[in-house]
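Structure, as structure tokens:
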Amino acid sequence: MASMLHLFLLLGSLMVASAGNFNQDFDITWGDGRAKILNNGELLTLNLDKASGSGFQSRNEYLFGNIDMQLKLVPGNSAGTVTAYYLSSKGSTWDEIDFEFLGNLSGDPYILHTNVFSQGKGNREQQFYLWFDPTADFHTYSILWNPQRIVFSVDGTPIREFKNSESSGVPFPKNQPMRIYSSLWNADDWATRGGLVKTDWTQAPFTASYRNFKADACVWSNGASSCSSNSPSTSSNGAWFNQELDTTSRERLKWVQKNYMIYNYCSDTKRFAQGLPTECSSTS
């Protein structure tokens, strides 16, 4: 019995399910002191002023995972600022899974911008308003990434699904390990109303806050994954590895897209006058 318990513990340890500590899991990469890890690693803040923004990245690389982060966005007049939280690989044919939060004037809603890049090709934007004030408190922003699909969720509610459409010739992010990145930066040339509203530096410094990072994920190290490749449906890989949207989640997804989606590249026939991208026939 003891040996069986040891085996289960070993299998469980192959998966990294970390209720993370920022001191252990992330490195501050730029900002010259504007990014801070506080409360013994439980809180991270990014700051932006006229001289510079700031950012951080994960120490681990992941190849598939279910990743949560709680964010509290820049309050007040955040016009011109962008808080980016995303997964990305390196190189000219990189993969990337994006959350970007586009600031706005006080009282106007934030725009949540999502995108998926595969082998260096993006242009797959969907944008949403949120059904709450993302500056008043922390909310959980999640990326489920497995071989079949990518699902963006907010507080457990799916807002977007990008399915694997390789059978139709559409590349899908599945071969390149990605790190987690986040940054707070000035993008007033495009972020707010196409660049019409500029950053009000009298409101600086602008601050975004992060806590409760959690990764149920396959860590990529030295050319190998921590997950079992021979039997990807085994318990050591976690239920998320084969997870799909159930009936309830699909209804919630439809509710968000009906009521809060403000842009969908798969509906933009003007932009794609020669025909919508292939994956639009199978992507929610």
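The values are calculated or read from the model by the stated rules, or taken from the named source; none is laboratory data. This one's a predicted model, so the numbers in the text were calculated from it and none came from an experiment. For neighbour counting, all protein chains shown are included, and Cβ atoms are generated from backbone atoms with ideal geometry for every residue, glycine included. The protein model used for the area step is the full one, side chains on, heavy atoms only, and it has no ligands, DNA or RNA in it. Shrake-Rupley method; radii C 1.70, N 1.55, O 1.52, S 1.80 Å.
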>> What figure, in Å² to the nearest 10, do you get for the accessible area of Val154 with a 1.4 Å probe and non-protein molecules left out?
In response: 0
>> Can I get the semi-axes of the range 79-227's equivalent ellipsoid? Compute them from the C-alpha gyration tensor as square roots of 5 times the eigenvalues, in angstrom, largest first.
In response: 29, 17, 15
> Rounded to the nearest 10 Å², what accessible area does Glu42 show when all protein chains are kept and the probe is 1.4 Å?
Replying inline: 130
>> Could you check the spin-label model distance between Ala239 and Ser221? Points 7 Å from the Cα along Cα→Cβ, value in nm.
In response: 2.7
>> Quick check: from the Cα gyration tensor, does the range 149-233 come out rounded (a/c under 1.5), prolate or oblate?
In response: prolate
> If you wrap a convex hull around the C-alpha atoms of the range 43-166 and split its volume per residue, what is the figure in Å³?
Replying inline: 129
>> Going through the cross-link list Lys36/Lys163; Lys72/Lys214; Lys50/Lys90; Lys72/Lys121; Lys50/Lys270; Lys72/Lys270, which pairs have a Cα-Cα distance over 26 Å in this structure?
In response: Lys36/Lys163; Lys50/Lys90; Lys72/Lys121; Lys50/Lys270; Lys72/Lys270
>> Which log10 I(q)/I(0) values does the chain give at q = 0.08, 0.11, 0.14, 0.15 Å⁻¹ under the Debye formula, counting every alpha carbon as one identical point scatterer?
In response: -0.35, -0.66, -1.07, -1.22
>> Apply the a/c threshold of 1.5 to the C-alpha gyration tensor of the range 238-284 and tell me whether it is rounded, prolate or oblate.
In response: oblate
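When the expected Rg is taken as 2.2 N^0.38 Å, what fraction or multiple of it is the alpha-carbon Rg of the range 160-284?
That ratio works out to 1.43.
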> Along the three principal axes, how long is the range 52-109 when you take its alpha carbons, biggest first, rounded to the nearest angstrom?
Replying inline: 39, 25, 20
>> What figure, in Å² to the nearest 10, do you get for the accessible area of Ser281 with a 1.4 Å probe and non-protein molecules left out?
In response: 110
> How many percent of the accessible area of the chain is carbon or sulfur, using a 1.4 Å probe?
Replying inline: 49
>> If you filter the range 141-202 for chymotrypsin sites (Phe, Trp or Tyr not before Pro), then keep DSSP loop positions with at most 14 other Cβ within 10 Å, what is left?
In response: Trp190
